[in-house]
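A short worksheet on the structure shown next.
The values are calculated or read from the model by the stated rules, or taken from the named source; none is laboratory data. Predicted, not measured: the structure shown is a model, and the values here were computed from it. Cβ: placed from backbone, ideal geometry, glycine included. Neighbour counts: every protein chain shown. Surface areas here come from the heavy atoms of the whole protein model, side chains and all, with no ligands, DNA or RNA. Shrake-Rupley method; radii C 1.70, N 1.55, O 1.52, S 1.80 Å.
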Amino acid sequence: MFAKSFVIGYFQSMAEAQKGHTVVLGVAGGIACYKAVELVRLLVRDGFSVQVLMTREAMEFVTPLTFQTLSGHPVATEIFSLTQESEIGHINLADQAEVFVIAPATANIIGKIAAGIADDLLTTVVMATRAPVLIAPSMNVHMYGNPILQENIRKLKRLGYNFMEPAEGYLACGYEGKGRLPEPEEIVEQVRGLLKKKDLAGEKLLITAGPNHEAIDPVRYLTSRSSGKMGYALARAGVRRGAEVTLISGPTSLPPPAGTRLVRVKTAAEMREAVMDAFPQSTAVVMAAAVADYSPERFIPRKLKKGEKPIQLHLKPNPDILKELGAKKNGQILVGFAAETEELVANAKKKLREKNLDLIVANDVTAEGSGFEGDTNVATILDRKGNVQPLPLMTKEELADRIYNHLLALKNEQ
Ligand code: PMT
């Protein structure tokens with residue numbers, strides 16, 4: 001019951017946040033056009049107003065009616081159509097766009113834009129728009145690797161056009177490699193990022209996420225219930241707001257957040273090493289990882305055999321990474337999390353003080369909708385000045401933004 005009503009609420013609040021934002025989607029002719037259909041569905045679900053325009057080649061793959069039905073707006077296909085020009089208008093489309101997305105973008109379309117050719121509706125509108133342009137290429141692996149295309153992409157990037165890397169995998173042409181259209185969810189994420197205020201520009205965030213695996217023998221390990229969702233939400237929100245993000249992640253099943261430098265680790269010792277490496281270059285650290293407090297005293301090199309008698313496992317304490325950072329920080333803002341099951345505020349205050357932190361985000365991991373595994377959290381933010389801010393249930397994405405607002409406020413007072 002909780003989960004269902006929350007999911008509805010989540011999309012409602014997402015839709016509320018994007019209300020009124022217009023995305024113009026240019027669809028060029030490639031087999032990945034079918035994924036553009038899903039992209040429109042997701043954008044509309046999130047509250048964007050979507051205006052689709054299609055090249056003649058795109059209409060060979062999907063009909064305009066499909067896009068019109070999903071977007072709820074007429075689809076523009078012709079530049080010299082008197083009816084379309086009076087109903088939609090190519091300059092009107094260019095002006096309305098708050099983000100202009102081209103997905104899928106073919107080698108041909110990218111080449112024309114790079115050469116300044118505007119000989120159809122899509123290339124004309126992209127030439128006329130002042131909105132940020134996001135290009136999501138999709139094509140055969142060898143076409144993508146072609147130096148002419150790569151030169152065109154470099155030129156457009158220099159001119160401020162935003163590109164997404166195609167995904168790797170099986171391609172419709174039968175080849176395997178780089179050339180698949182990025183997943184529609186990832187394109188939506190990039191669109192949100194382009195709309196967001198870049199108030200973290202210049203910040204170099206070091207974020208940790210997920211659990212650790214501390215091996216007992218070759219087949220067993222000690223771990224926690226952390227899924228990594230909180231840390232990954234922080235990474236995505238940081239990128240959206242313009243920060244450079246290094247994400248040090250314990251083992252998770254989550255897709256890598258776009259635009260981050262992802263360092264994968266397993267144990268607390270590996271996490272410590274990666275954190276210490278990146279720390280001197282960082283301006284702020286957010287430790288959302290559930291770092292393992294203990295590891296087995298010794299690794300048993302062969303699989304421990306099942307027996308009838310109880311056995312004892314001896315554990316040794318792991319180093320406290322955050323405490324070590326607190327002792328050596330040099331201008332960086334340090335944000336910790338406190339996973340508590342009792343005395344939430346008192347325990348969090350103690351950790352804030354003992355680890356020399358600037359902020360601590362305390363979550364009662366036994367409360368409904370809070371803590372491990374889910375998409376939501378219920379937290380209280382405490383800072384070094386003694387402020388205590390209890391927050392209601394919200395998505396981990398929203399909490400990430402609240403944490404950054406607090407971090408920026410502290411930074412501005414420094
Ligand atoms: O990953 P999810 O499923 O989304 O769940 C999110 C979460 C519950 C893991 C997250 O919100 C959270 O609370 N993370 C911190 C968990 C934790 O280890 O809390 P702690 O109270 O034991 O540690 C306090 C702080 O010290 C934490 O920032 C922790 O990263 C850090 N720490 C802890 C132990 C250690 N050896 N080194 C550390 O740096």
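Observations, loosely collected:
- Charge dipole of the chain about the Cα centre (unit charges at C-beta), most positive-ward option of S295, P182, L39: S295
- Only protein atoms count toward the accessible area here, which uses a 1.4 Å probe; on the chain, the carbon and sulfur part of that area reaches 53 percent.
- Charge dipole (debye, nearest 20) of segment 18-195; +1 at Cβ of Lys and Arg, -1 at Cβ of Asp and Glu: 360
- A simple count of charges around D364, restricted to other residues whose Cβ falls under 13 Å of its Cβ and scoring Lys, Arg +1 and Asp, Glu -1, yields -4.
- Potential lengthening of the chain between R130 and K196 amounts to 22.1 nm, from the contour at 0.36 nm per residue minus the alpha-carbon distance.
- Gyration tensor (alpha-carbon) shape descriptor, segment 204-413, a/c threshold 1.5: prolate
- Size of charge dipole - the chain - debye, nearest 20, with Cβ of Lys, Arg +1 and Asp, Glu -1, no other charges: 1380
- Classification of segment 179-227 by its C-alpha gyration tensor yields an oblate form. The axis ratio a/c (a ≥ b ≥ c) is 1.5 or more, and b/c is at least a/b.
- Close amide H partners of S226, meaning residues 5 or more places away or on another chain with modelled amide H under 5 Å apart, do not exist here.
- For segment 360-413, the relative contact order is 26 percent, taking Cα pairs closer than 8 Å that sit 6 or more residues apart in sequence and dividing their mean separation by the residue count.
- Positive-pole candidate from G193, G336, P317, dipole of the chain, charges at beta carbon: P317
- For N318, the amide hydrogen comes within under 5 Å of the amide hydrogens of Y294, S295, counting only partners 5 or more places away or on other chains and with H modelled in the peptide plane.
- Whole-angstrom gap from segment 149-187 to segment 279-346, using each part's C-alpha centre: 39
- Note on the chain: dipole from Cβ charges, positive end direction compared against G374, A103, T123; the farthest Cα belongs to G374.
- Rolling a 1.4 Å probe over the protein heavy atoms gives the chain an accessible area of 49 Å² per residue.
- Pairwise label distance in nanometres, L254 with K306, each label 7 Å out on the Cα-Cβ vector: 3.5
- Two-site label geometry, R45 and T341: point separation in nm, points 7 Å out along Cα→Cβ: 3.6
- Zone of C173's modelled label, taken as backbone nitrogen in segment 48-68 under 17 Å from a point 7 Å along Cα→Cβ: 58
- Pairwise FRET efficiency - E78 versus R353, Cβ, R0 = 60 Å, nearest 0.05: 0.35
- Between K305, K350, K112, the residue with the greatest mean-square fluctuation in the GNM of the chain (Cα pairs under 10 Å linked by springs) is K305.
- DSSP bridge pairs, the chain: antiparallel proportion in percent, nearest 5: 30
- Taking the Cα centre of segment 305-414 as reference, the dipole from Cβ charges on Lys and Arg (+1) and Asp and Glu (-1) amounts to some 720 debye.
- Its Cα gyration tensor gives the chain an equivalent ellipsoid; the semi-axes, largest first and in whole Å, are 45, 24, 20.
- Among L206, L382, L254, residue whose mean-square fluctuation peaks in a GNM of the chain (springs only between Cα atoms under 10 Å): L254
- Stretch in the chain that is longest and holds no chymotrypsin sites (Phe, Trp or Tyr not before Pro) that DSSP places in a loop and that have at most 15 other beta carbons within 10 Å: 176-298
- Cα-based shape type of segment 18-195, given that a ≥ b ≥ c are square roots of the gyration tensor eigenvalues and the cut on a/c is 1.5: rounded
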